[in-house]
1. Considering only residues that are modelled with pLDDT of 80 or more and surrounded by fewer than 16 Cβ atoms within 10 Å (Cβ to Cβ), which ones fall in the range 306-323?
2. Could you run through the range 184-210 and say how many residues are open to solvent by less than 20 Å² (accessible area, probe 1.4 Å) and touching a helix residue (DSSP H, G or I) at 6+ places or on another chain (Cβ under 6 Å)?
3. Residues being among the hydrophobic types (A, V, I, L, M, F, W, C), under 19 Å from Arg390 (Cα atoms) and either in contact with a helix residue (DSSP H, G or I) (Cβ under 6 Å, 6 or more places away or on another chain) or assigned to a loop (DSSP other than H, G, I, E, B) (or both): count how many of those fall in the range 53-101.
4. Could you tell me how many of the residues in the range 206-242 are touching a strand residue (DSSP E or B) at 6+ places or on another chain (Cβ under 8 Å), under 10 Å from Val253 (Cα atoms) and hydroxyl-bearing (Ser, Thr, Tyr)?
5. Before we move on, is Pro125 under 21 Å from Val253 (Cβ atoms) and surrounded by fewer than 20 Cβ atoms within 10 Å (Cβ to Cβ)?
6. Within the range 216-242, can you find the residues that are more than 18 Å from Trp386 (Cα to Cα) and touching an Asp or Glu at 6+ places or on another chain (Cβ under 6 Å)?
7. Restricting the range 391-409 to residues that are open to solvent by 10 Å² or more (accessible area, probe 1.4 Å) and assigned to a loop (DSSP other than H, G, I, E, B), which is farthest from Pro344 (Cα to Cα)?
8. Restricting the first residue to the range 158-187 and requiring it to be under 16 Å from Asn342 (Cβ atoms), which pairs with a second residue that is modelled with pLDDT of 90 or more and among the hydroxyl-bearing types (Ser, Thr, Tyr) meet a Cβ separation below 6 Å and a spacing of at least six or different chains?
Amino acid sequence: MIYSVLIYLTAVASSSVDVDHAYLHQLPTQCDNYTQLANQGYRILPCFFATLGNNRTNQSVIRDAYRQFHALNWDVLEGLPGVADYRSNYLSKRDTYPVWQSWPNLNSFSKLDDTSWQKAKKEIPDICHDFVSFQDRALFEKNHPNITNLNTPLLLETLLNPQGNILIDSNGNPVYYSIHMNKVAFDYLKDNETADPKIFPAADAYANKRGSIFVKAAWLISSFSDAENYHRAAAFIVEKEQQQVTNCKLAVVSLSALHIINKNNPTPQALAPADTSYKLNMWSWATYLHSGAVPTKQQNSKSEVDLNSKYPLFSERFITIKESCYDRSGNLNTQLPTCKINKPTCYSNASGCEPSALLGLLSNEDKDILTIYNAKTAELLKSSVWGNYRILNSQWSDMGIIKPKYLANPILEPFDGLDSSCSGCHSDANTQKFNDFVFSTNLKLN
């Protein structure tokens, strides 16, 4: 079956006919022998199931997060946004142009038209015309031949994280964010841009139908020493002061952290008519971190923080930490007023701000199974930059009960302490019961 798919897609790529959108969804029906392969627990595939299934456990949800990550980082078929190139040898390639990165970016959603999903954005964005020439673009491409998205650079203009702060790396550069959406979410938002609330489509396992997916990425300007060991992308970086564009530059950026937010967790409707648990949070929140971006430490662990590496988002000296971040019992306590770890240093303007000192405080829940899946990623992708990324965990709702209870990405949610929760934080986006748990669609872009 996979070969007939490839023949069809190759024909489409060389014609003006739109691709059959069914191929955008990376469902198991598009992967040859998926059922047999999927039984091999750590097999990396370009497809993944539509839902978490009816027999969900923390272990199966983590397995799904592992598969989502690798399938969505699979190479895109050239000229066909959102369609995985099943011929690509993902395990041996140094880097890819990942499927999710080819999805529309919410930063520029209002600028999109009906053909934008298929349209390769090779032109310089209007917002950058006064600052970047076609000669600049040609020289940039010549100097960076190994960057995978030279024909379709990102447009990055969002500095503020959801908490309203700006993160600053050790070179004084801000962290930028992009939010991408799959075809299901794109079509819904295009048709319901003014709807309130927005109830995005959920997956349907019986119809083998994909639900809405958002991917949120955090990007560092690639001026730090280990940048080549990250997934890298070309980007137009927009700088603003008081909402006025003051500069736009082409740069290489490195992916430091990632959320995959998937509406893949519908609960079958209960027999009791009054039971509305099946309407509760249907999203799963898988979150990932580059292993070299920030130091990490298990919660409640007395082990020392490993500062043997040069972290782009942590430059505090160990002696400073010992003096200011440990309590009288010898325990690390980032909530101490003297401690600069995981404290905001920048709010409205990135110039002149102190570098951020971010420490990942990892949940002890599911530690053993996460260790296995992350070790498999490192082993199977040892020649790829994707082998350097780790699943922190995946949060989901079991009949309204959030599992695991606590989960935070130190770059995407850096300042909420040990009680941080992806779903708990996003539940603040609800204005009425059963609204969607996604800030993204009402994000105020700056």
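1. Answer for the range 306-323, where residues must be modelled with pLDDT of 80 or more and surrounded by fewer than 16 Cβ atoms within 10 Å (Cβ to Cβ): Lys310, Glu323.
2. 2
3. Taking the range 53-101 as the starting set, the residues that turn out to be among the hydrophobic types (A, V, I, L, M, F, W, C) are 61-62, 65, 69, 71-72, 74, 76-77, 80, 83-84, 91, 99-100.
Pick out the ones that are also under 19 Å from Arg390 (Cα atoms) and you get 61-62, 65, 69, 71-72, 74, 91, 99-100.
Keeping just the survivors that are either in contact with a helix residue (DSSP H, G or I) (Cβ under 6 Å, 6 or more places away or on another chain) or assigned to a loop (DSSP other than H, G, I, E, B) (or both) gives 62, 72, 74, 91, 99-100.
The qualifying residues number 6.
4. Qualifying residue count, the range 206-242: 2.
5. In short, yes.
6. Once the filter is applied, which keeps residues that are more than 18 Å from Trp386 (Cα to Cα) and touching an Asp or Glu at 6+ places or on another chain (Cβ under 6 Å), the range 216-242 yields only Val238.
7. Ranking the candidates gives Met399 first.
8. Every condition considered, the pairs that remain are Leu167/Ser356; Ile168/Ser356.
The values are calculated or read from the model by the stated rules, or taken from the named source; none is laboratory data. Owing to the predicted nature of the structure, the values given are computational and were not obtained by experimental measurement. Cβ atoms come from the backbone with ideal geometry, glycine included; neighbour counts cover every protein chain shown. When the accessible area is computed, the model is the full protein with side chains, heavy atoms only, and any ligands, DNA or RNA have been set aside. Shrake-Rupley method; radii C 1.70, N 1.55, O 1.52, S 1.80 Å.
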